[in-house]
Amino acid sequence: MKMTAQEFLDWPSKRITLLAMSGAGKTTLANKLPKAKWFHYSGDYRIGTKYLEEPILDNIKREAMRVPFLRNLLLSDSIHISNKITVENLEPVSAFLGKLGNPESNGLSLQEFKRRQKLHHQAEVAAMKDIPEFIEKAEDIYGYKHFINDAGGSVCELDSQEVLDTLAEHTLIVYIKIPPAMEQTIIGRAKSDPKPLYYREAFLEEQLCEFMKLKNYRDPTSIPPDEFVTWVFPALFKSRLPRYQAIADQYGYTVDASDAGQVKNEADFIQLIAQALDR
């Protein structure tokens, strides 16, 4: 969706998609908007509560069944296992996605890791295609005037024209670009606290092959899970930046993460977006 700054300011029901790497401040920025007026759509929350709900629960139950005490209680229907996913706590989604590596260190085999990656890809595509329905429901059922889509960090990896067309048709796409001065901070943060990540399969195979040769690993199941995630993140970070920018150039607009970090309220947010459109 393209428009002038004035058209944006006059837009009675603003609908915006925020794109950025994890750590760029998407969720923080979205949370600066008044919750009484803005419907906050979290792509990751939708993934966890709708499209991966059953696989996530199956994974938790599978782990519980390995503990004899819990196994007996589950088999006798004496206990119930459920998720407690919230927009602020998406740990069950991350735990399901998992990390490639040694099973004794909670790592996944390459086959299982790829299976979960594929499920996540399908779920993220579906969650983004749900945007038009949620825009309508947010206003019709709940009376929200505006809509903010806090998209997952891997949206740029989906290679789905349908997703891009959907987002561009129904929302104003805004890419929060990380300035060079912040890049090492985000990379350092990811290395100190490695999280499960989504990778395009071609990227995963290329990087895994290079990693195993460099580290002299013969089998993925011998890799310490955190080691691969830490090693690959800088390459993943660099590979995603031009993908985000290409989406913004064709379908939307770009704002600097440093400027986004200065936003304190809704008025600041509106001004930030208007200035990006004016440029």
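Only the coordinates and a few stated rules stand behind these numbers; no lab work does. Since the structure is predicted, the reported quantities are computational estimates derived from the model, not experimental observations. Note that we place each Cβ from the backbone using ideal geometry, even for glycine, and neighbour counts take in every protein chain shown.
In table form, for the structure just shown:
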{"read-out": "Of Asn89, Asn102, Asn31, the one that fluctuates the most in a GNM where the chain has Cα springs shorter than 10 Å", "value": "Asn89"}
{"read-out": "Candidate aspartates and glutamates - alpha carbon under 12 Å from Lys35, same-chain residues fewer than 8 apart omitted", "value": "Glu266"}
{"read-out": "Angle in degrees between helix 161-170 and the longest Cα principal axis of the chain, rounded to the nearest 10", "value": "40 degrees"}
{"read-out": "MRE, 222 nm, helices only [DSSP H, n ≥ 4, -39500 (n - 2.57), over the chain, to nearest 500]", "value": "-16500 deg cm²/dmol"}
{"read-out": "Nearest-ten-degree value, helix 225-251 long axis tilted from longest Cα axis of the chain", "value": "30 degrees"}
{"read-out": "Neighbour-count order for Cys156, Cys209, fewest beta carbons within 10 angstrom listed first", "value": "Cys209, Cys156"}
{"read-out": "Three-way shape label, the range 80-202, alpha-carbon gyration tensor, a/c 1.5", "value": "prolate"}
{"read-out": "Low-density loop cleavage sites - trypsin sites (Lys or Arg not before Pro) in the range 194-243, where at most 10 other Cβ are within 10 Å (DSSP)", "value": "Arg218"}
{"read-out": "Amide H contacts of Leu172 (H built 1.01 Å from N, under 5 Å, at least 5 apart or other chain)", "value": "Arg15, Ile16, Thr17"}
{"read-out": "Prolate/oblate/rounded label for the range 184-257 (Cα gyration tensor, a/c 1.5)", "value": "prolate"}
{"read-out": "Cleavage-rule hits (GluC sites (Glu not before Pro)) in the range 30-100: DSSP loop, at most 11 neighbouring Cβ within 10 angstrom", "value": "Glu88"}
{"read-out": "Shape box of the range 141-279 [Cα atoms, principal axes, largest first, Å]", "value": "55, 33, 32"}
{"read-out": "Of all DSSP beta bridges in the chain, antiparallel share, percent nearest 5", "value": "0 percent"}
{"read-out": "Residues Trp38, Trp231, sorted so that the one with the fewest Cβ neighbours within 10 Å comes first", "value": "Trp231, Trp38"}
{"read-out": "Sites Gln161 and Lys264 - FRET efficiency at Förster radius 41 Å, r taken between beta-carbons, to 0.05", "value": "0.65"}
{"read-out": "Candidates per trypsin sites (Lys or Arg not before Pro) in the range 48-118, loop by DSSP, up to 11 other Cβ within 10 Å", "value": "Arg66, Lys84"}
{"read-out": "Under 5 Å, built H, 5+ apart or other chain: amide partners of Gly107", "value": "Asn102"}
{"read-out": "For the range 1-134, the Rg and Dmax computed from alpha carbons only, in angstrom", "value": "19.2, 64"}
{"read-out": "Order of Met65, Met21 under a 10 Å beta carbon neighbour criterion, fewest first", "value": "Met65, Met21"}
{"read-out": "Degrees between helix 201-215 axis and first principal axis of the chain (Cα, 0 to 90, nearest 10)", "value": "50 degrees"}
